[in-house]
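The values are calculated or read from the model by the stated rules, or taken from the named source; none is laboratory data. Predicted model only: the values in this text are computed from it and were never measured. FYI the Cβ positions are ideal-geometry reconstructions off the backbone, even for glycines, and counts take in every protein chain you see.
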Amino acid sequence: MEQRIVKTIELENGHILVISDLSRKISENACVVVMKVNMEIKIVKELFSDIPLSDFKFQDILGVLGDKAVYEYKVERNFIMDHEKDGVFDNIVETYIKNTGQYVSKPGFPGKFVLKEYKNRIK
């Protein structure tokens, strides 16, 4: 599946949000419209400035996740006619940025996301 980066957004929390188009044809005149969003989060102690975290806990997080975590979000719309593809894709991107984009750009999001990933892994 070919990934075409459509937009990169520098967020107020200092991280970069990458929006990609992974759409593909599924018939003569129809396609699956796929938007993928990802953000690479380097795991550093500063992410947890508002969350009390011991050095031991921080080292444990690094041991489980490594030095980075990747936030990923994907939306698919099936059987979209070719002539509607660009409009549908733009609408998905616009909706994401308006709704979820506000949340992932908050200063506390990267640290909370890393902690969530850590908890999911150790379960």
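Is region 103-110 home to any residue that is small (G, A, S) and under 24 Å from G14 (Cβ atoms)? Yes: region 103-110 contains one or more residues that are small (G, A, S) and under 24 Å from G14 (Cβ atoms). The set of residues from region 56-93 being surrounded by fewer than 13 Cβ atoms within 10 Å (Cβ to Cβ), among the aromatic types (F, W, Y) and within 26 Å of I16 (Cα to Cα) is empty. Residues in region 98-117 that are part of a helix (DSSP H, G or I), under 22 Å from D67 (Cβ atoms), of a type outside the set (A, V, I, L, M) and over 11 Å from the mean Cα position of the chain (by Cα): F109, G111, K112, K116, E117.
A quick yes/no check of all residues on (1) loosely packed, with under 15 Cβ neighbours inside 10 Å; (2) in contact with a strand residue (DSSP E or B) (Cβ under 8 Å, 6 or more places away or on another chain):
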| position | (1), (2) |
| --- | --- |
| R24 | yes, yes |
| V33 | no, yes |
| I41 | no, yes |
| S54 | yes, no |
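Annotation: E72 fulfils all but one of (1) part of a strand (DSSP E or B); (2) charged (D, E, K, R); (3) modelled with pLDDT under 95; the unmet one is (3). Filtering P52, P110 for residues that are touching a residue at least 12 places away in the same chain (Cβ under 8 Å), more than 16 Å from K7 (Cβ to Cβ) and out of contact with any Asp or Glu (no Cβ under 9 Å at 6 or more places or on another chain) leaves a single hit, P110. Taken over region 18-45, the residue count meeting the criterion of being within 21 Å of the chain's Cα centre (by Cα), in a loop (DSSP other than H, G, I, E, B) and farther than 26 Å from L115 by Cβ is 2.
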